[in-house]
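The values are calculated or read from the model by the stated rules, or taken from the named source; none is laboratory data. Given the structure is predicted, the values throughout are model-derived calculations rather than measurements. Positions of Cβ are generated from backbone atoms using ideal geometry, with glycine treated the same way; all protein chains shown enter the neighbour counts.
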Amino acid sequence: MTTDGARSAQAYLYAYPLVSGVEQALRYATTGVGAVPAAPYNAFGHARRLAGPEDTFVSINNDTVYSMAQVDVGAGPVRLDVPDTAGRYYVLQLVDAWTDNFAYVGRRATGTAAGTYLLVDARWSGDVPDGATVIRFPTRVASIVGRWAVDGEDDLPAVHALQDATTLTPLGDRAATGIPAPEPTGDEALDFWERYRVWSQEFGPAERDRAVQESFAPWGLTGGTPVTRLDAATQQSLRVAYAAGAEALESALRTGSGPTADGWTLPLHVFDYNLDFFEVGTLDDAAWRLTDPTVRLVERAVAARAGLWGNHGYEAAYPIAWVDAAGDPLTGGHAYTLRLSPPPPVDAFWSLTMYAQPDFFLVANPIDRYSIGDRTPGLVVDDDGGVSITMSHERPAGDASNWLPVPPGPFRPILRLYMPRASALDGTYAIPAIERVPGD
């Protein structure tokens, strides 16, 4: 079997979000990730601290404490109960195996009063508990990505109590099946395609994507034969597809997703690839739908690579800076200033978080500060209400209240806007360029 580079790249870009997302879901269910301990299916694992460098997850945030769950509705409905948070910002984001955000529970979506939700398979029918809202799953297993706003160390006990009051209760009479885990072979490319083969059949795609998936049949990816038992020529074609696709994805990542202004990429719509599954809290609105089929699949892969399990822009926006005001790449070899005047317009809170390239992980630093924002203790506000942030590897001279440490090499900050206002989404609010400190 032979194929051209374009078809190879398309196959990889299509497969990558499923493989990447399910790998992380399996990781949370078996070993946990950083501060979030492993938890069995249909149970929460709660982080008890904010994320740090030991939490090796793509673009993880340092603003909220996470609560994670891998929910399997194949054995029957699962009841989700949430407490009254008394106005505190939180979000429980529901993400299917293909990384579609298909439901939200939380302050923006459902308010902060106590609530009950019935999580069910898409084809389920039965009795609904009084007062419960039904949420149908596009795939048998989906992830709940919970985030709780924390205002410093002293606020953690209150958040822990809310986490403990957030529960999942399986109502079926059978054990959860969970995620099948193909045995690794040591061949990175073939392992990727075997995971894709197994998981794409276990967790079927949206109907609109079935034709794309079936087009990979000549590579043995839609059948029951393990990739390791395919003929040598097909295996080699899969290795070529893996390499070509990985390069195409990195190229798309470097190009950026969304409009750019003053060195910032504004990926407001990178998570808008879900066109089919709109449960509670999602907006089935043309303004939040990526309808171009080619762009949609590329954006889905880019989102999984650079910000897996990120929210829709109407829940949280994630402007990303790659270069400074002069268009030069950001690096720890220089010092920079970002002056936000006025600060970003949000109904919850905002922050600037620092990541190293190319892994997009948080980076250890001498003051254990990984983000800075409107809730940072001791943040200095300018006379006009603006905020001036210093980004540098070395501690700045004088007052370091507004210092955000950066790694020694290339870095990429994300400006997070939780519950962004309309002016942050329609371009009315402009994020200033990051200025290199003169003479540095």
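From the residues in the stretch 142-166 that are in contact with a helix residue (DSSP H, G or I) (Cβ under 7 Å, 6 or more places away or on another chain) and part of a strand (DSSP E or B), which one is surrounded by the fewest Cβ atoms within 10 Å (Cβ to Cβ)? Explain how you work it out, then say what you get.
Of the stretch 142-166, the ones in contact with a helix residue (DSSP H, G or I) (Cβ under 7 Å, 6 or more places away or on another chain) are 143, 148, 150.
From what's left, part of a strand (DSSP E or B): 143, 148.
Working: Ser143: 23, Trp148: 26.
Residue satisfying both the conditions and the ranking: Ser143.
As for the stretch 212-231, it holds no residue that is touching a residue at least 60 places away in the same chain (Cβ under 8 Å), under 30 Å from Pro329 (Cβ atoms) and either within 25 Å of the chain's Cα centre (by Cα) or not in a helix (DSSP H, G or I) (or both). For the stretch 180-200, does any single residue satisfy the condition of being outside any loop (DSSP other than H, G, I, E, B), free of Cβ contacts under 8 Å to residues at least 12 places away in the same chain and crowded, with 16+ Cβ neighbours inside 10 Å? Looking for residues that are outside any loop (DSSP other than H, G, I, E, B), free of Cβ contacts under 8 Å to residues at least 12 places away in the same chain and crowded, with 16+ Cβ neighbours inside 10 Å, one finds at least one in the stretch 180-200, hence yes. Under the condition of being of a type in the set (Ser, Thr, Tyr) and in contact with a helix residue (DSSP H, G or I) (Cβ under 6 Å, 6 or more places away or on another chain), which residue from the stretch 42-84 is nearest to Pro180 (Cα to Cα)? Here the residue is Ser67.
Suppose we filter Pro37, Pro53, Pro77 for residues that are free of Cβ contacts under 8 Å to residues at least 60 places away in the same chain and not assigned by TED's automatic domain parsing to the domain that holds Asp368; which single one remains? First the steps, then the outcome.
Working: Pro53 fails: free of Cβ contacts under 8 Å to residues at least 60 places away in the same chain; Pro77 fails: free of Cβ contacts under 8 Å to residues at least 60 places away in the same chain.
One residue alone meets the criteria, Pro37.
The single residue among Thr85, Thr110 that is β-branched (Val, Ile, Thr) and surrounded by fewer than 21 Cβ atoms within 10 Å (Cβ to Cβ) turns out to be Thr110.
Looking across Arg300, Arg369, Arg395, Arg305, one residue alone is in contact (Cβ under 8 Å) with a residue 24 or more places away in the chain, more than 26 Å from Thr255 (Cα to Cα) and under 22 Å from the mean Cα position of the chain (by Cα). It is Arg369. Scanning the stretch 269-285 for residues that are crowded, with 20+ Cβ neighbours inside 10 Å, hydrophobic (A, V, I, L, M, F, W, C) and closer than 22 Å to Pro420 by Cβ yields Val270, Phe271.
The condition (being touching a residue at least 24 places away in the same chain (Cβ under 8 Å), surrounded by 20 or more Cβ atoms within 10 Å (Cβ to Cβ) and not assigned by TED's automatic domain parsing to the domain that holds Ala211) is satisfied by just one residue among Trp288, Trp264: Trp264.
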